[in-house]
Structure formats: C-alpha cells, structure tokens
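Written out below as structure tokens is the structure these notes cover.
The values are calculated or read from the model by the stated rules, or taken from the named source; none is laboratory data. Computed from a predicted structure; not experimentally measured. Here the Cβ positions follow ideal geometry from the backbone for every residue, glycine too, while neighbour counts run over all protein chains shown. Areas reflect the complete protein model, heavy atoms only, side chains present, ligands, DNA and RNA absent. Shrake-Rupley method; radii C 1.70, N 1.55, O 1.52, S 1.80 Å.
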Amino acid sequence: MTSETFEIDGLILIKPKVFEDSRGFFVETFHKTRFENLGINTSFLQDNLSKSNRGVLRGLHFQKPPFDQGKLIQVIQGSVLDIAVDIRKNSPTYGQHLSIEINSTNKWQLFIPSGFAHGFLCLEDNTIFSYKCTNLYHKESEGAIIWNDQDLNINWNFENPIISDKDKVAEKFNQFNSPF
C-alpha cells in the first residue's frame, strides 16, 4: 500500500496493493496497524453503502460535533468525482477543496477527517460507493453546503446533475458558520 497527502492537511489518499490473476483480484481494504502508520488513528463505528446512477450528485454533507464524522471512502463498482471541502475555521486551507476521481479500476480509498464537507458525483450507472464512518449518524447533527456554491468554485464538469430536494436548498458557503 502506498499513500499520498495533499496541500489540504488531513486528507490521505490510500493506494492499496492489488493482487490480480486469472481468477480475479484481492485487495486488503483495511488494516488497523497499516492505517495507523499512515496517521489514521481512529476507530470506525459505522459502514455505509450507496448505489447511484450516472449524474447523481450527493453532497456536500457533514455532521456537526459532537457527532462529527471522519470517513474512509471507496468505490466498489463504477466511478465518482469525489470532493472534500475544508470547513475547519482555523485551517489555512479553509474553503479549499480536493477533487479526485476514484473508481473500481484504481481501487483507491480516500480518508477524509472530521471538519470536511463531502460530496461525490457518480460518473457511471450502477456506481456502488462505500464509506466507513468514525461516528454514528445523528439526523439532528447533519449539515450541508450547496453543491454549486460560487465561492467554492468546484468544477463538477457535469451539466444538470440529479440532486435530492434536501441538497438543492443547502446553505451557501458565505452564509455558513462552521462548527469546526
């Protein structure tokens, strides 16, 4: 396994070793000690799985403390444009985002710590997206920033994505008071 870090502190891209042969492949998707060696010293309390078609955009979501969540994301089938926005008030990269394609071919994983808004756009039909969470979901603690906020200037590179009613009315970044 190899990893990459970014200018936005805390985000870690994990590139697992893939063992392939004529039968298929094997990938170790989580190993506590190896992840700790990458700086991911956390426990995961909940696993989530979603299936979406091309053009479905989910996000930009987060949970407020004390129910905030870090996430370890991966794509089981298909591909996504994954976005993580730094919403930590005292961070030098506050309001900046990482945009990365993650798919079932590259088998990459992205660790997104607490203090980030997260979203993804499905680039293929029948995309299966998996994520481990460091805290349990708490409905009253959920928050969202509007996906197409001009101040964030995220290039989704997609016309007219399919968005939930809740995400259509999410908060604008310039009116957002970060709890982090």
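Quarter the surface of the alpha carbon convex hull of segment 73-171 and you get the mean projected area, 7.1 square nanometres.
In the chain, the portion of solvent-accessible area held by carbon and sulfur atoms comes to 45 percent [1.4 Å probe, whole percent, DNA, RNA and ligands not counted].
Which entries of K71/K166; K17/K166; K51/K89; K32/K166; K64/K132 have Cα-Cα distances beyond 29 Å here? Listed pairs above 29 Å: K17/K166; K51/K89; K32/K166. The GluC sites (Glu not before Pro) found in segment 1-61 that occupy coil by DSSP, while having at most 15 further C-beta atoms within 10 Å, are E7, E28. Dipole of segment 115-180 (Lys/Arg Cβ +1, Asp/Glu Cβ -1, origin at the Cα centre): which of F120, I154, S130 lies farthest to the positive side? Projecting each Cα onto the dipole axis, the largest value belongs to S130. Rounded to the nearest 20 debye, the dipole size of the chain about its Cα centre is 380 debye, using +1 on the Cβ of Lys and Arg and -1 on the Cβ of Asp and Glu.
Applying 0.36 nm per residue to the separation of S22 and T93 and subtracting their alpha-carbon distance, the gain on full extension is 21.1 nm.
Mean sequence separation of contacting Cα pairs (under 8 Å, at least six apart), scaled by the length of segment 50-180, corresponds to a relative contact order of 38 percent.
So what is the relative contact order of segment 1-116, in percent, for Cα pairs below 8 Å that sit 6 or more residues apart? Computed over segment 1-116, the figure is 31 percent. Using the Cβ-Cβ distance between H31 and N157 with R0 set to 25 Å, the FRET efficiency works out to roughly 0.15.
Here, the chain yields an orientationally averaged convex hull projection of 10.5 nm² when only Cα atoms define the hull.
Rolling a 1.4 angstrom probe over the protein heavy atoms with all chains in place gives the chain an accessible area of 54 Å² per residue. Springs join every pair of Cα atoms under 10 Å in this Gaussian network model of the chain, and among R54, R34, R23 the largest mean-square fluctuation is at R23.
Simple point charges give the picture: +1 on the Cβ of Lys and Arg, -1 on the Cβ of Asp and Glu, and for segment 44-100 a dipole about the Cα centre of about 140 debye.
For segment 72-85, putting each phi into the Karplus relation 6.51 cos²θ - 1.76 cosθ + 1.60 with θ = phi - 60° gives couplings of 10, 9, 7, 10, 7, 8, x, 7, 9, 9, 9, 10, 10, 10 Hz, in residue order, rounded to whole numbers and with x for Gly and Pro.
Under 5 Å from the amide H of I146 lie the amide H atoms of E171, K172, F173, each residue being 5 or more positions distant or on a separate chain, with H modelled from the backbone and absent for Pro and chain starts. Considering only T33, I14, Q77, and ranking their Cα positions along the charge dipole of the chain that arises from unit charges at the beta-carbon of Lys, Arg, Asp and Glu, the one farthest toward the positive end is T33. Helices in the chain, meaning DSSP H runs of at least 4 residues, each add -39500 (n - 2.57). Divided by all residues, the mean residue ellipticity at 222 nm is -1000 deg cm²/dmol. What does the charge add up to near F26, with Lys and Arg as +1, Asp and Glu as -1, over the other residues with Cβ less than 13 Å from its Cβ? That sum, taken over residues with Cβ under 13 Å, equals 0. Scoring 9-18, 120-129 by mean Cβ neighbours within 10 Å over their residues and listing the highest first yields 120-129, 9-18. Comparing Q109, Q69, Q77 in a Gaussian network model of the chain where C-alpha atoms under 10 Å apart are linked, the largest mean-square fluctuation is found at Q77.
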